[in-house]
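Visitor: Here it is: the structure, laid out below.
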There are 2 protein chains.
Amino acid sequence: MKTAANAGADGRIDKGTVELRPDLLSGVSLPAAVIHEAPLAHNLAWMQRFAEAHGARLAPHGKTTMTPALFRRQLEAGAWGITLATAPQCRAAFAHGVRRLLMANQLVGQANMAMVAELIAAGAEFYCVVDGVENVRQLGRFFAERGLKLAVLIELGVSGGRCGCRDAAQVEALVAAIAEQPALRLVGIEGYEGMIAGGDEIAAVRAYGERLVETVRMLHASGVLKSEAPIVTASGSKWFDLIAEAFDKAELREHYTPVLRPGCYVVHDHKLYAGAMDDVKARHPQLQGELQPALEVFAHVQSLPEPGLAIIAMGKRDIGHEPDLPLPLWLYPLVSHPAAGSTPIDVSAWRTTHIMDQHVFLDIPQDAGIAVGDVIAFGTSHPCLTFDKWRQLLLVDEALEVQDSLATCF
Amino acid sequence: MKTAANAGADGRIDKGTVELRPDLLSGVSLPAAVIHEAPLAHNLAWMQRFAEAHGARLAPHGKTTMTPALFRRQLEAGAWGITLATAPQCRAAFAHGVRRLLMANQLVGQANMAMVAELIAAGAEFYCVVDGVENVRQLGRFFAERGLKLAVLIELGVSGGRCGCRDAAQVEALVAAIAEQPALRLVGIEGYEGMIAGGDEIAAVRAYGERLVETVRMLHASGVLKSEAPIVTASGSKWFDLIAEAFDKAELREHYTPVLRPGCYVVHDHKLYAGAMDDVKARHPQLQGELQPALEVFAHVQSLPEPGLAIIAMGKRDIGHEPDLPLPLWLYPLVSHPAAGSTPIDVSAWRTTHIMDQHVFLDIPQDAGIAVGDVIAFGTSHPCLTFDKWRQLLLVDEALEVQDSLATCF
């Protein structure tokens with residue numbers, strides 16, 4: 001079983017300006033996925049503060065990590081709930097103590113409905129989204145037969161996008177369909193601005209945020225929302241600031257429940273979301289601090305078969321590679337320069353050229369002077385598709401000492 | 001936790017010419033990865049027979065599935081051993097009863113070496129490959145300190161390829177380095193022809209196969225191989241016939257251990273390896289039968305937001321998407337045409353246009369007439385990166401009744 005959890009008490013590794021000891025990695029089977037505690041803690045607090053500053057609740061998207069220990073940290077930091085993508089994800093989160101579950105997806109299929117019915121019967125506060133009359137009919141029948149109530153949000157989509165109502169007429173038809181199902185309780189509006197692409201995206205995201213707000217207002221005014229503080233929710237990890245601004249209104253703070261749902265922020269990344277963070281800062285020069293990358297995958301140099309080429313013992317089974325191939329960050333020259341006092345070397349100028357199931361091809365300088373057995377820490381872009389490669393990730397402190405092994409539940 | 005194992009006694013689904021009952025999928029939470037027993041059994045026997053017909057042993061690459069129940073089936077069908085890619089994979093296979101482990105990779109890192117040392121001490125027959133003097137030195141020291149012997153194969157690579165010695169001089173240097181390590185026992189030659197690309201690939205693969213054979217002969221003649229029947233091994237799932245031909249010599253049958261290592265054959269696929277199979281048949285018109293696709297992922301239609309577009313409740317977390325996006329095969333119109341007697345509809349003309357973490361975008365005819373809740377079975381190309389998305393896969397019979405839940409150990 002692939003696990004990075006076999007780091008014993010001696011499974012510590014040093015980094016940064018700390019002295020490098022050649023034996024430090026000996027307790028950890030590499031490749032291993034590592035989360036750095038300091039930037040993790042910083043990100044948890046930073047995003048919570050950001051949401052609160054805009055009068056919004058935070059329901060971090062849990063599908064990013066599916067790591068219950070991180071869900072717990074997010075809730076302890078003040079999160080309102082956890083967002084999930086599927087019924088089995090909701091079941092896993094609930095089993096680990098998450099009581100408020102926002103499934104930002106349609107609930108489809110008898111077995112998935114049954115799973116959610118069990119959660120509701122067990123006391124979960126559960127929400128899912130609807131965007132079609134047929135699905136509303138199925139949900140209404142299923143939950144009515146079981147004497148349960150299901151809280152739903154209407155999903156607003158964009159033309160050419162993913163799920164969600166494209167126009168007001170579809171919303172109207174859906175409201176009417178929901179009203180015919182006594183088991184369903186319409187409590188708000190949901191959207192995902194991440195599907196917006198092309199043209200002036202910033203303007204389009206702002207307009208979409210306003211459309212969400214206007215729609216929930218309109219529905220609230222018409223009396224169809226069965227909630228004292230209707231939900232309006234959106235936001236991935238790229239344009240969370242624009243959605244937060246759209247939701248940041250005195251009226252919403254007082255009479256609604258605006259909810260932001262970024263997921264990747266918790267470990268951030270080294271390129272895609274790093275760039276998005278730069279854009280957020282450019283839009284908000286007054287913003288204090290920023291998200292920091294917290295996730296790395298450590299792997300050995302496995303083979304040096306030709307000058308300028310290193311094969312790394314890590315592949316698609318260990319690290320995400322979309323949209324960007326793994327990003328080399330730090331070389332730990334455990335074999336090539338084992339002398340005490342050596343420090344990790346910045347190798348961010350090196351380039352990954354290819355990735356296979358179990359191997360990465362790294363373009364290195366002809367005079368790199370590395371050796372088989374050296375260790376390289378890689379960053380990811382983006383992070384979601386790295387988490388799902390692991391059943392455990394290692395939480396490490398600033399000296400790279402392993403603090404905890406975090407189980408995932410994909 | 002994501003699992004397809006929650007199919008109870010009622011978790012059966014029909015397919016093909018069998019009558020379709022609208023309730024049949026109700027016990028299974030979709031998406032679910034499904035392996036069809038009949039083509040699986042066929043493939044197991046077919047490849048074993050193919051290897052034996054060429055006088056070769058079969059050590060199927062286990063990294064494809066990392067499914068111990070399939071390892072067991074492969075061994076029961078006559079496999080000589082199981083090939084793995086990493087030390088943790090070897091540990092997992094050994095823990096599930098696989099005694100002969102061929103790690104077709106360099107063994108790098110103290111923790112991984114320690115893992116292998118434990119396996120050898122526990123009675124595993126273990127082989128790994130070497131391609132560099134530094135790695136040989138590390139392995140020799142590590143295993144000597146523990147009083148253990150490590151059997152190694154020299155890897156032959158190709159210029160511009162992955163790992164492996166590029167030329168005879170490197171092989172010679174490696175032989176000398178191994179000879180200096182009493183803990184190491186050189187027992188053969190390993191290669192992977194799958195890295196050959198460009199030009200006349202068929203001729204290049206044949207030449208590579210001959211180079212492997214010539215090298216093992218040369219080393220055997222020089223007396224450096226510490227084995228009565230030295231190993232020569234190669235072959236992925238694309239050109240296994242060409243390697244088998246290169247190994248099919250009376251001399252090898254009598255005095256060597258030729259080993260083929262295809263992995264994907266066990267479930268085959270619907271495009272990449274299906275095409276490779278067509279090529280194999282074209283090269284060998286006399287060949288009886290062929291590999292059959294055995295792996296599908298079943299998923300619900302989740303949303304029909306625009307004419308001609310279906311969003312499927314399945315994504316990168318559930319199915320591989322390289323080199324080809326998921327291939328729609330069969331529509332089970334459970335909702336749109338629930339009448340008894342309806343049969344699955346061939347939708348292989350439909351096209352997946354995009355895949356996200358949890359969603360697939362399917363281009364469908366404007367008059368497709370499907371409904372949210374309908375089920376579509378998708379094929380993959382290739383299969384490796386579907387297995388690693390699941391902790392369990394469902395083994396089903398010809399009526400799609402669930403026979404077993406197969407745990408993976410990625």
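Visitor: Of all residues in the stretch B:302-352, which are of a type in the set (S, T, Y), outside any loop (DSSP other than H, G, I, E, B) and within 26 Å of the chain's Cα centre (by Cα)?
Guide: Selection gives B:T352 alone.
Visitor: Somewhere in the stretch A:244-264, is a residue within 22 Å of A:Q392 (Cβ to Cβ), away from every other protein chain (no Cβ under 14 Å) and β-branched (V, I, T)? Before you say what the answer is, go through the steps one by one.
Guide: As a first pass, look at the stretch A:244-264 and keep what is within 22 Å of A:Q392 (Cβ to Cβ): A:263-264.
Among the residues that remain, those that are also away from every other protein chain (no Cβ under 14 Å) are: none.
Within the stretch A:244-264 (the criterion being within 22 Å of A:Q392 (Cβ to Cβ), away from every other protein chain (no Cβ under 14 Å) and β-branched (V, I, T)), the answer is no, since none of the residues qualifies.
Visitor: Just to be sure, is A:S348 over 16 Å from A:A33 (Cβ atoms) and buried (at least 16 other Cβ atoms within 10 Å of the Cβ)?
Guide: Working: over 16 Å from A:A33 (Cβ atoms): yes; buried (at least 16 other Cβ atoms within 10 Å of the Cβ): no.
Considered against the rule, which asks whether it is over 16 Å from A:A33 (Cβ atoms) and buried (at least 16 other Cβ atoms within 10 Å of the Cβ), A:S348 comes out as no.
Condition check ((1) surrounded by 23 or more Cβ atoms within 10 Å (Cβ to Cβ); (2) among the hydrophobic types (A, V, I, L, M, F, W, C)) across all residues:
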| site | (1), (2) |
| --- | --- |
| B:T353 | no, no |
| B:A371 | no, yes |
| B:L393 | yes, yes |
| B:Q403 | no, no |
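Visitor: Give me the strands (runs of 3 or more DSSP E) completely within the stretch B:63-173, filtered to those with at least 3 residues that are away from chain A (no Cβ under 11 Å), ordered by residue number.
Guide: In the stretch B:63-173, B:100-106, B:125-130, B:150-156 are the strands (runs of 3 or more DSSP E) which contain 3 or more residues that are away from chain A (no Cβ under 11 Å).
Visitor: Yes or no: the stretch B:137-160 includes at least one residue that is closer than 22 Å to A:L309 by Cα and at pLDDT below 95.
Guide: Yes, some residue in the stretch B:137-160 is closer than 22 Å to A:L309 by Cα and at pLDDT below 95.
Visitor: Okay, next question. Pull out all pairs, ordered by first then second residue, where Cβ-Cβ is under 9 Å, the residues are six or more apart or on different chains, the first lies in the stretch A:179-194 and is free of Cβ contacts under 8 Å to residues at least 12 places away in the same chain, and the second is surrounded by fewer than 24 Cβ atoms within 10 Å (Cβ to Cβ) and in a strand (DSSP E or B).
Guide: Once the first residue is free of Cβ contacts under 8 Å to residues at least 12 places away in the same chain and sits in the stretch A:179-194, no partner that is surrounded by fewer than 24 Cβ atoms within 10 Å (Cβ to Cβ) and in a strand (DSSP E or B) comes close enough.
Visitor: For residues that are of a type in the set (A, V, I, L, M) and part of a strand (DSSP E or B), tally how many sit in the stretch B:369-410. Walk me through how you get there before you give the answer.
Guide: Looking only at the stretch B:369-410, we keep the residues that are of a type in the set (A, V, I, L, M), and these are B:370-372, B:375-377, B:385, B:393-396, B:399-400, B:402, B:406-407.
Filter once more, keeping what is part of a strand (DSSP E or B): B:375-377, B:393-396, B:402, B:406-407.
Residues meeting the conditions: 10.
Visitor: In addition: List every residue pair whose Cβ atoms lie under 8 Å apart, where the two residues are 6 or more positions apart in sequence or sit on different chains, the first residue falls within the stretch A:355-373 and is closer than 23 Å to A:P323 by Cβ, and the second residue, located anywhere, is hydrophobic (A, V, I, L, M, F, W, C) and surrounded by fewer than 16 Cβ atoms within 10 Å (Cβ to Cβ).
Guide: Nothing qualifies.
Visitor: Looking only at the stretch B:174-194, filter to residues that are of a type outside the set (D, E) and in a strand (DSSP E or B); which one of those is nearest to the other protein chains (Cβ to nearest Cβ)? Explain how you work it out, then say what you get.
Guide: Initial filter on the stretch B:174-194 (of a type outside the set (D, E)): B:174-179, B:181-189, B:191-192, B:194.
From the residues that got through so far, the ones that are in a strand (DSSP E or B) too are B:184-189, B:191.
Numbers: B:L184: 15, B:R185: 20, B:L186: 18, B:V187: 20, B:G188: 18, B:I189: 16, B:G191: 13 Å.
Among those that are of a type outside the set (D, E) and in a strand (DSSP E or B), it is B:G191.
Visitor: Just to be sure before I move on: is A:G55 at positive phi and either of a type outside the set (S, T, N, Q) or touching a residue at least 12 places away in the same chain (Cβ under 8 Å) (or both) in the structure I sent?
Guide: For A:G55, the condition - at positive phi and either of a type outside the set (S, T, N, Q) or touching a residue at least 12 places away in the same chain (Cβ under 8 Å) (or both) - is met.
Visitor: For the stretch B:67-90, enumerate the residues that are under 20 Å from A:R317 (Cβ atoms) and either surrounded by fewer than 24 Cβ atoms within 10 Å (Cβ to Cβ) or touching a strand residue (DSSP E or B) at 6+ places or on another chain (Cβ under 6 Å) (or both).
Guide: The answer is B:T67, B:P68, B:A69, B:F71, B:T83, B:L84, B:A85, B:P88, B:C90.
Visitor: Which one of B:L242, B:L252, B:L219 is of a type outside the set (S, T, Y) and farther than 21 Å from B:M47 by Cβ?
Guide: B:L219
Visitor: For the stretch A:336-383, which residues satisfy the criterion of being farther than 22 Å from B:L107 by Cβ and touching a Cys at 6+ places or on another chain (Cβ under 7 Å)?
Guide: Listed by number, the residues that qualify are A:H382, A:P383.
Visitor: Can you go through B:G198, B:G188 and tell me which one is modelled with pLDDT under 95 and over 21 Å from the mean Cα position of the chain (by Cα)?
Guide: Only one candidate passes the filter, namely B:G198.
Visitor: Determine whether B:A51 is in a strand (DSSP E or B) and more than 14 Å from the chain's Cα centre (by Cα). Steps first, please.
Guide: Values: in a strand (DSSP E or B): no; more than 14 Å from the chain's Cα centre (by Cα): yes.
Judged against the criteria, B:A51 is not a match.
Visitor: Separate question: Output the helices (runs of 4 or more DSSP H) that fall wholly within the stretch B:230-300 and possess 2 or more residues being touching a helix residue (DSSP H, G or I) at 6+ places or on another chain (Cβ under 6 Å) and outside the structural domain of B:I311 (by TED's automatic domain parsing), or say none.
Guide: Filter on the stretch B:230-300 gives B:240-247.
Visitor: Same structure, new question: For the stretch A:301-316, which positions are crowded, with 24+ Cβ neighbours inside 10 Å and at the interface with another protein chain (Cβ under 8 Å from one of its Cβ atoms)?
Guide: A:V301, A:Q302, A:S303, A:I311, A:A313
Visitor: Scanning the stretch A:394-410 for residues that are modelled with pLDDT of 95 or more and closer than 27 Å to A:G275 by Cβ, which turns out nearest to the other protein chains (Cβ to nearest Cβ)?
Guide: Across the stretch A:394-410, the extreme among qualifying residues is A:T408.
Visitor: Shifting gears a bit: Condition first: β-branched (V, I, T), surrounded by fewer than 24 Cβ atoms within 10 Å (Cβ to Cβ) and touching a strand residue (DSSP E or B) at 6+ places or on another chain (Cβ under 8 Å). Can you find one or more residues in the stretch A:338-345 that meet it?
Guide: Step one: filter the stretch A:338-345 for residues β-branched (V, I, T), giving A:343, A:345.
After this cut, where a residue has to be surrounded by fewer than 24 Cβ atoms within 10 Å (Cβ to Cβ) as well, the list is A:343, A:345.
If we keep only those that are touching a strand residue (DSSP E or B) at 6+ places or on another chain (Cβ under 8 Å) too, we end up with A:345.
Yes, the stretch A:338-345 has at least one match.
Visitor: Considering only residues that are small (G, A, S) and free of Cβ contacts under 8 Å to residues at least 40 places away in the same chain, which ones fall in the stretch B:299-338?
Guide: B:S336 - this is the single residue of the stretch B:299-338 that is small (G, A, S) and free of Cβ contacts under 8 Å to residues at least 40 places away in the same chain.
Visitor: Follow-up question, since we're still on this one. Test A:P365 against the criterion of being modelled with pLDDT of 95 or more, more than 19 Å from the chain's Cα centre (by Cα) and not in a strand (DSSP E or B), and give yes or no. Full working, then the answer.
Guide: Working: modelled with pLDDT of 95 or more: yes; more than 19 Å from the chain's Cα centre (by Cα): yes; not in a strand (DSSP E or B): yes.
For A:P365, the condition - modelled with pLDDT of 95 or more, more than 19 Å from the chain's Cα centre (by Cα) and not in a strand (DSSP E or B) - is met.
Visitor: Which numbered condition in (1) within 20 Å of B:L40 (Cα to Cα); (2) more than 14 Å from every other protein chain (Cβ to nearest Cβ) is the only one that B:G320 fails?
Guide: It is condition (2) that B:G320 fails.
The values are calculated or read from the model by the stated rules, or taken from the named source; none is laboratory data. Predicted, not measured: the structure shown is a model, and the values here were computed from it. Cβ: placed from backbone, ideal geometry, glycine included. Neighbour counts: every protein chain shown.
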